[in-house]
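Shown next, in structure tokens, is the structure this report addresses.
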Amino acid sequence: MRGMILLVGLLWIAGSDAMLRAEEASYLGIAKCASSGCHGSVKLGNQKGPWDESPHSKAVTNLDGKKGKEYAAKLKVENPAESELCLSCHSTALGVADERLTETFDASEGVQCEACHGAGSAYLEPHKKKERVYENLLTLGLRPLKDVQQQKNNCAKCHGPDERYDKLKGSGHAEPNKMAFDEGMKKIKHWKDKPPGSVQ
Ligand code: HEC
Ligand code: HEC
Ligand code: HEC
């Protein structure tokens, strides 16, 4: 019995420690994740290529574009590129403490790798190793996107029905849930094979 309690205790400590590390992880930014030696290289699959082509890479700059300004004006939002409402979906790591934003992180780069995959500082080095174990990386802040439900939940943070959309009503901004998940996944595809559990 005592052994059991000890084991549960140890597991709890290990679990909360891992959670803490994931929560404290810092954002490295697109420059670090997708440099020419890493996910910007053909050798590693050049995930940066499709991202560059996707609207996610332009999500902040678009706020200052013609449409962005038009929607904002209707809502009496003066500066959309600085508005918390707009940036809460159009950027990465909004509201995260400054000490968790590294030098290479640039908020103007829109919906970056880490907006979906999780802040990278703790899993960066371990995930480069040949002998990496996926489950261990998850405890270091990598999001479990291999699971289709997790993929859906992740997209829904910005593409799902959301009370923030109520605040956009009347501005001409796209409706919530307009994106069909399967179609959306096809449009942002930057993985070799179909993600496990996915429809593609
Ligand atoms: C709840 C999340 C969310 C919020 C808040 C939000 N957006 Fe968006 N925005 C999206 C999504 C998702 C799309 C892509 C819509 C689509 O085409 O399916 C989008 C697309 C856009 C586009 C490009 C497409 C177009 O219609 O030209 C602009 C510009 C834009 N939003 C401006 C804004 C502005 C300005 C604000 C703040 C007033 C804002 N957004 C707030 C999620 C959001
Ligand atoms: C909008 C969300 C989103 C963004 C932004 C995003 N990813 Fe992904 N990524 C996914 C999903 C979903 C998958 C499929 C599930 C999986 O394989 O983990 C995936 C898969 C991957 C894979 C696995 C590739 C394979 O062939 O199995 C890598 C590596 C990756 N992404 C890197 C990146 C990098 C680097 C960036 C930034 C340039 C990025 N992702 C941006 C959601 C995103
Ligand atoms: C952090 C918020 C955020 C997350 C998470 C997110 N997106 Fe987006 N997405 C946006 C915004 C904002 C736009 C619009 C950018 C613009 O045009 O300025 C967008 C645009 C798109 C578009 C182009 C518009 C359309 O409807 O065809 C697709 C496709 C898309 N996202 C797919 C996905 C998928 C698939 C996922 C999940 C794997 C995902 N996104 C996760 C914020 C997000």
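Within the range 118-137, the set of residues being under 19 Å from Arg100 (Cβ atoms) and either hydroxyl-bearing (Ser, Thr, Tyr) or surrounded by 14 or more Cβ atoms within 10 Å (Cβ to Cβ) (or both) comprises Gly118, Ala119, Gly120, Ser121, Ala122, Tyr123, Leu124, Pro126, His127, Leu137. If the condition is being more than 16 Å from ligand 2 (Cβ to nearest atom) and either free of Cβ contacts under 8 Å to residues at least 60 places away in the same chain or β-branched (Val, Ile, Thr) (or both), then the range 84-112 contributes Glu84, Cys86, Gly95, Val96, Ala97, Asp98, Glu103.
Here Ala115, Ala81, Ala72 are screened, and the one residue that is surrounded by 15 or more Cβ atoms within 10 Å (Cβ to Cβ), away from ligand 2 (no atom under 13 Å from the Cβ), in contact (Cβ under 8 Å) with a residue 40 or more places away in the chain and not hydroxyl-bearing (Ser, Thr, Tyr) is Ala72.
Candidates are the residues of the range 34-69 that are within 13 Å of ligand 1 (Cβ to nearest atom) and polar (S, T, N, Q); the one that is farthest from Ser83 (Cα to Cα) is Ser54. When the residues of the range 187-200 are filtered to those that are surrounded by fewer than 11 Cβ atoms within 10 Å (Cβ to Cβ) and modelled with pLDDT of 60 or more, the one that is nearest to Ser41 (Cα to Cα) is Lys192.
Across the range 163-191, which residue is nearest to Leu63 (Cα to Cα) among those that are in a loop (DSSP other than H, G, I, E, B), more than 10 Å from ligand 3 (Cβ to nearest atom) and out of contact with any helix residue (DSSP H, G or I) (no Cβ under 8 Å at 6 or more places or on another chain)? My answer is Lys169.
Looking across the range 32-66, the residues that are β-branched (Val, Ile, Thr) and either near ligand 3 (Cβ under 8 Å from one of its atoms) or surrounded by 14 or more Cβ atoms within 10 Å (Cβ to Cβ) (or both) come down to Val60, Thr61.
The values are calculated or read from the model by the stated rules, or taken from the named source; none is laboratory data. If you're wondering where the values come from, they're calculated on a predicted model, not measured in any experiment. Glycine gets a Cβ as well: all are built from the backbone with ideal geometry, and neighbour counts include every protein chain shown.
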